[in-house]
Amino acid sequence: MSQQQPRREQGDQAADPIKYGDVFSVSGELGEKAVKPEDAAMMQSAETAVLGKMQKSGPAAAMQSAANVNVSAGLVQPGDVTDVAAREGVTVTGTAVPGANIITESVAGQVVGQYIQPTGGGGGQPQGAATTGGGGGGGSTREITIGEALEAAGQTIPGKPVDQCDAAAIQAAEVRATGSNVITPGGVAATAQSAAAYNESMIKDEDKVKLGDVLSGATKVLPADKAATRQDAEGVVGAELRNKHDMSTTPGGVAASVTVAAG
């Protein structure tokens, strides 16, 4: 989990409420919105529906803590809800890989938490959502491969247009999965590079090739695969960051998914 605990400096009497951008790596309209009590309640309900209970130190707990501070400071009222959260919703989804689910939690379409939940069996639960799924039980989990992590990224943010950052991360992942620096013609890395180049010529996002298009079936396309390790994750993260001006990985993206898979 990468959530920060809400912080206030001594003497700063909360002239401004704690915002989503203070707690999570989110941007745009959501990042500027105050965290409100009903937002936290919605995430608590979603976590409980999918996972069986609210997760300690998870997104719902972080949201509740921030909302409590905002209410105590008189900056929001009990029962308040953020308009963008009410409009676009909060979700908890599980992407099934053998022996585990990769759990992704989002507010208004932006990822605020991602982690692995073991299922204790040979296969993960079907991909589920807050309104329909149930959490897996405890138990041992087999290691998650790089190919499976790539597929999870494609399922987590399938509508993200592929850019050069994604392509670089996917190439680094393929190299580590196969153990070869030679990019497979027609493989997942080559397809990602082509998609990123094509997308640069497109103006509208709806015309661009998406991450879900490129990473669907990655485990079948890769000529070889291996369990993701921390060293693999560091390599993929480095490749993605080298191509980003803000030096932050995409929440739920390729580097994030490989990092989660590596544990």
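The values are calculated or read from the model by the stated rules, or taken from the named source; none is laboratory data. Everything numeric here is computed off the predicted structure, so don't read it as measured data. Positions of Cβ are backbone-derived with ideal geometry, glycine not excepted, and every protein chain shown enters the neighbour counts. These area figures cover heavy atoms from the full protein model, side chains too; ligands, DNA and RNA do not enter into them. Shrake-Rupley method; radii C 1.70, N 1.55, O 1.52, S 1.80 Å.
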Longest DSSP-loop-exposure-free segment, GluC sites (Glu not before Pro), the chain, at most 14 other Cβ within 10 Å: 33-263
Rounded tilt (10° steps) of 164-178 against the dominant C-alpha axis of the chain: 60
Translational diffusion coefficient (Stokes-Einstein; Kirkwood radius from C-alpha pairs) of the chain at 37 °C, 0.692 mPa s, in µm²/s: 172
Solvent-accessible area, 1.4 Å probe, carbon plus sulfur percent, for the chain: 49
Region 170-263 - Kirkwood radius from inverse mean 1/r over Cα pairs (Å): 13.9
Tilt relative to the chain, helix 146-156 - C-alpha long axis, 0 to 90 degrees, to 10: 50
Only Lys, Arg (+1) and Asp, Glu (-1) charged, at Cβ; region 171-249 dipole about Cα centre in debye: 200
The chain, accessible area per residue, ligands and nucleic acids excluded (1.4 Å, Å²): 46
Part-to-part distance (alpha-carbon centres) for region 211-256 and region 15-86, which is given in Å: 29
Percent breakdown of C-alpha pair distances by 10 Å bin, ordered from the shortest bin, for region 11-73: 23, 49, 24, 3, 0
Cβ-based charge dipole, the chain, positive-most Cα from PRO158, ASN68, ALA224: ALA224
Helical mean residue ellipticity (222 nm; -39500 (n - 2.57) per DSSP H run of 4+; nearest 500) of the chain: -12000 deg cm²/dmol
Nearest 10 degrees, 0 to 90: helix 230-241 Cα axis against the chain principal axis: 80
Once exposed loop trypsin sites (Lys or Arg not before Pro) are cut out (DSSP; at most 16 other Cβ, 10 Å), longest piece of the chain: 57-141
Of LYS56/LYS244; LYS204/LYS244; LYS19/LYS208; LYS36/LYS56; LYS53/LYS220, those spanning more than 23 Å from alpha-carbon to alpha-carbon: LYS56/LYS244; LYS19/LYS208; LYS53/LYS220
